[in-house]
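Asker: Please read through the structure below; I'll follow up with questions.
Please treat every number below as a calculation from the coordinates, not as lab data. Keep in mind it's a predicted model, so treat the numbers as computed, not measured. We place every Cβ from the backbone using ideal geometry, glycine too, and count neighbours over all the protein chains shown.
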Amino acid sequence: MSARPVVRHQYDAVIVGAGGAGLMAALQASRRCRVAVVSKLYPTRSHTGTAQGGIGAALGNLEPDSWEWHMFDTVKGGDYLADQDAVEFMCQEAIKVVYDLEHMGLPFNRTPEGKIDQRRFGGHTREFGKAPVRRSCYAADRTGHMILLTLYQQCIKQGVEFFDEFHLLDLLLRDNRCSGAVAFRLATGELHVFHAKAVLLATGGFGRMYKVTSNAHTLTGDGCAVPLRRGVPLQDMEFFQFHPTGIYKLGILITEGARGEGGILRNGRGERFMERYAPTLKDLAPRDMVSRAIYREIQEGRGIGGKDYVHLDLTALERAVIEEKLPDIADFVRTYLGIDPVKEPVPIQPTAHYAMGGVPTNLDAQVVADARGTTVAGLYAAGECACVSVHGANRLGTNSLVDIVVFGARGGRHLAEQAASLDFAPLPSEPEERAQEELARLCGGGAESAAQIRQELQQLMMDHVSVYRVEAGLQRAIGAIASLRERYRRLGLQDRGLRFNTELQEALELGCLLDLAWATAAAALARRESRGAHSREDHPKRDDANWLRHSLVFLSGDALTLDTKPVTITRFQPKERVY
Ligand SMILES: Cc1cc2nc3c(=O)[nH]c(=O)nc-3n(C[C@H](O)[C@H](O)[C@H](O)COP(=O)(O)OP(=O)(O)OC[C@H]3O[C@@H](n4cnc5c(N)ncnc54)[C@H](O)[C@@H]3O)c2cc1C
């Protein structure tokens with residue numbers, strides 16, 4: 001196939017991704033420099049728009065609360081792997097950023113006196129673990145949707161330029177300096193080279209590695225795989241969170257807010273089994289613990305009718321609470337299961353939900369290239385694709401929305417300052433070369449089917465790299481991923497056209513998922529302990545002496561290498577997690 005047409009642009013800053021992190025970064029940066037946002041989706045279709053439950057901030061509107069308690073809960077929830085300087089900053093800033101969003105017009109639910117209403121969420125407590133606290137600020141069960149629309153409107157007002165349905169293919173990186181990015185335009189198939197002083201990646205998560213997931217089809221980790229292939233490591237990839245309450249078989253999320261409002265998990269005997277696993281917080285224990293408890297109940301034959309699911313029981317809630325505070329999830333349950341949650345319990349199973357790992361950054365969202373903390377000049381990452389690390393080994397509910405707006409904003413400001421003082425780094429002579437080669441190879445006419453490879457990958461990850469892991473299974477997964485990567489080189493596409501070639505786009509996304517699955521399984525095999533969302537049946541205890549460390553995975557050609565780096569511990573020394 002002949003080379004594709006190439007279009008060139010120059011901007012001070014390019015932000016890849018238009019979810020909450022990308023839009024917040026764009027909004028901040030555009031106050032000081034010329035910004036382009038490149039997004040494979042129309043901005044308001046980003047996954048942030050599906051976030052239901054809320055954004056955590058210690059406003060103390062209904063009962064006493066403090067950012068220190070929020071910090072403690074986040075560190076403990078993350079099984080002490082989070083960097084505490086980053087968590088401290090996030091929990092302090094959360095309060096400010098929620099009021100900023102309110103002032104931008106975000107329609108939060110209100111208390112009768114007109115303050116922002118708050119509800120309970122898993123792992124959020126008062127007085128360092130004594131009892132659940134109302135910390136999640138919410139707009140019904142559409143909090144993310146409201147954040148996204150609010151930020152998008154502000155960006156439009158601010159004159160941010162958007163390149164919608166442009167798909168990132170490559171980063172221009174040389175000698176630890178980023179000079180831009182290469183994308184292809186879905187509508188035309190042209191390549192677009194963006195020459196920039198700084199690039200910020202905000203491409204979201206990669207739950208599509210798994211068969212049962214709450215994540216949108218587009219969450220394929222492109223903004224993690226592209227820098228990985230350019231020599232940037234990924235951090236803490238073994239930690240992938242399963243959310244306890246996905247709709248059975250479909251994986252569609254039912255927010256933890258449902259339990260925050262009083263919903264209860266029950267096994268096949270009708271028992272409230274979380275009382276046995278977490279006597280204080282019960283159904284509001286952190287997600288890793290609740291997901292494991294559900295699997296245990298199922299394994300021991302106490303699923304509903306002995307099957308592989310349990311019930312989320314909302315029948316004790318008033319109809320008005322469900323209709324006013326959880327309207328969307330009530331709709332999902334009615335639409336997808338034909339069940340009225342006011343009257344009947346809802347069948348649920350854990351669903352792959354959130355990547356704690358990602359592109360390593362410092363507190364300014366600058367990408368860090370090694371265990372010594374060397375930064376890559378002009379390259380930033382924020383939001384779910386990044387690992388700063390505020391969630392450690394397990395994220396608490398409501399803390400991702402905090403993370404994306406807090407570090408999106410901080411990254412956007414830092415990047416704008418840098419862009420004001422930096423010159424443009426020269427572009428390589430043929431910046432689009434790698435992207436041309438990759439597209440030509442994919443359109444080259446092999447016999448393998450992308451759909452088949454994707455299906456096998458998702459099943460494999462579900463079987464061997466999900467809630468419980470064991471050495472033999474991880475090794476099997478790594479071997480199988482290697483052969484899937486091999487088959488991927490011989491893909492055959494039906495559509496070789498330029499315009500709206502979604503088959504090509506999906507093939508690119510599959511390539512990213514394969515690399516990220518490999519990194520996840522390799523990091524999971526290396527970590528011989530159980531911590532947070534990483535639970536090794538053959539190493540069931542947490543091992544602080546050897547493993548209180550972040551992991552790093554590097555990819556070079558067809559070889560993965562691993563390294564580790566220390567965790568920043570300031571206020572809270574690791575303790576056993578009891579809830
Ligand atoms: C169903 C659901 C409910 C959730 N509920 C909550 C909640 O209540 N509270 C909470 O704190 N967290 C919640 N989360 C998690 C949280 O919503 C996400 O972690 C967060 O919104 C991610 O934001 P982001 O800006 O990093 O990425 P996203 O919002 O996922 O946006 C990614 C952006 O990157 C772009 N992109 C990706 N790849 C490319 C590419 N190759 N080229 C160009 N652009 C690209 C996309 O177009 C998109 O604009 C939920 C998640 C899900 C799935």
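Asker: Once the Cβ-Cβ distance between His103 and Arg528 is put in as r, and R0 is 41 Å, what FRET efficiency do you end up with, to the nearest 0.05? Please list the in-between numbers first.
Answerer: On the way: r = 49 Å, r/R0 = 1.18.
E between His103 and Arg528, to the nearest 0.05, is 0.25.
Asker: A follow-up question, please. How high is the FRET efficiency from Arg334 to Thr44, r the C-beta distance, R0 22 Å, rounded to 0.05? List each step's numbers first, then the result.
Answerer: Working: r = 25 Å, r/R0 = 1.12.
The pair Arg334/Thr44 has a calculated efficiency of 0.35.
Asker: Could I have the simple spin-label model distance between Glu456 and His217, label points 7 Å from Cα toward Cβ, reported in nm to one decimal?
Answerer: The answer from the label model is 2.2 nm.
Asker: Below 8 Å between Cα atoms, with a sequence gap of 6+, how large is the relative contact order for the chain in percent?
Answerer: 22
Asker: Could you sort the peptides 115-123, 314-322 by per-residue average Cβ neighbour count (10 Å cutoff), highest mean leading? Let's see the in-between values first.
Answerer: Working: 115-123: 24.1, 314-322: 15.2.
The peptides rank, most packed first, as 115-123, 314-322.
Asker: Whole-Hz Karplus ³J(HN,Hα) for segment 401-408, in order, using 6.51 cos²θ - 1.76 cosθ + 1.60 and θ = phi - 60°, x for Gly and Pro?
Answerer: 4, 5, 4, 5, 7, 5, 7, x
Asker: Show that you can apply the helix-only estimate: for the chain, add -39,500 (n - 2.57) for every DSSP H stretch of four or more residues, divide by all residues, and state [θ] at 222 nm to the nearest 500.
Answerer: On the way: 16 runs with 195 residues, N = 579.
The per-residue figure over the chain is -10500 deg cm²/dmol.
Asker: Among the DSSP beta bridges whose two residues both lie in the chain, what percent are antiparallel, rounded to the nearest 5? Don't jump to the answer; show the numbers that get you there.
Answerer: On the way: 50 of 78 bridges.
Expressed as a percentage, antiparallel bridges in the chain total about 65.
Asker: Can you list residues from other chains, or at least 5 along the same chain, whose modelled amide H is less than 5 Å from the amide H of Val7?
Answerer: Answer set, sorted by chain and number: Leu191, His192, Val193.
Asker: Residue farthest toward the positive end of the dipole of segment 245-353, with Cβ of Lys/Arg at +1 and Asp/Glu at -1: which of Gly301, Ser291, Leu326?
Answerer: In segment 245-353, that residue is Gly301.
Asker: Per residue of segment 312-328, in order, report the coupling 6.51 cos²θ - 1.76 cosθ + 1.60 (Karplus, θ = phi - 60°) as ³J(HN,Hα) in whole Hz, putting x for Gly and Pro.
Answerer: 9, 9, 10, 5, 7, 7, 4, 4, 4, 5, 4, 5, 8, 9, 9, x, 5
Asker: While we're here: Taking the Cα centre of the chain as the origin and placing charges on Cβ (Lys, Arg +1; Asp, Glu -1), which of Phe194, Thr361, Ala183 is farthest toward the positive end of the dipole?
Answerer: Of the candidates, Thr361 comes out farthest on the positive side.
Asker: Checking the a/c ratio against 1.5 first, then a/b against b/c, what shape does the Cα gyration tensor give for segment 55-128?
Answerer: Values: a/c = 2.51, a/b = 1.64, b/c = 1.54.
Note, shape of segment 55-128 comes out prolate.
Asker: Can I ask one more? In whole Å, what is the distance between the alpha-carbon centres of segment 507-550 and segment 228-295?
Answerer: Rounded to whole Å, the Cα centres lie 18 Å apart.
Asker: If amide H atoms are built 1.01 Å from N in the plane of the peptide, which residues on other chains or at least 5 residues away come under 5 Å of the amide H of Phe206?
Answerer: Amide H neighbours of Phe206: Ala355.
Asker: Which value, to two decimals, describes the C-alpha radius of gyration of segment 433-536 once divided by 2.2 N^0.38 Å?
Answerer: Working: Rg = 15.7 Å, N = 104, 2.2 N^0.38 = 12.8 Å.
Working it through for segment 433-536, the quotient is 1.22.
Asker: If you don't mind, there's one more thing I want to ask. Each residue of segment 467-472 in turn: what ³J(HN,Hα) in whole Hz from Karplus with 6.51, -1.76, 1.60 and θ = phi - 60°, glycine and Pro shown as x?
Answerer: These are the phi-based 3J(HN,Hα) values: 5, 10, 10, 8, 3, 4 Hz.
Asker: Still on this structure: For Asp308, what residues show an amide H to amide H distance below 5 Å, using hydrogens built from the backbone and excluding near sequence neighbours?
Answerer: none
Asker: At a 10 angstrom cut-off on C-beta neighbours, averaged per residue, how do the peptides 555-568, 77-90, 477-490, 411-424 rank from highest to lowest? Working shown, then result.
Answerer: Values: 555-568: 13.5, 77-90: 24.7, 477-490: 16.9, 411-424: 19.2.
The peptides rank, most packed first, as 77-90, 411-424, 477-490, 555-568.
Asker: May I pose another question? Could you work out the mean projected area of the convex hull around the alpha carbons of segment 16-84, in square nanometres to one decimal?
Answerer: Working: hull surface 28.6 nm².
Quarter of the Cα hull surface area: 7.1 nm².
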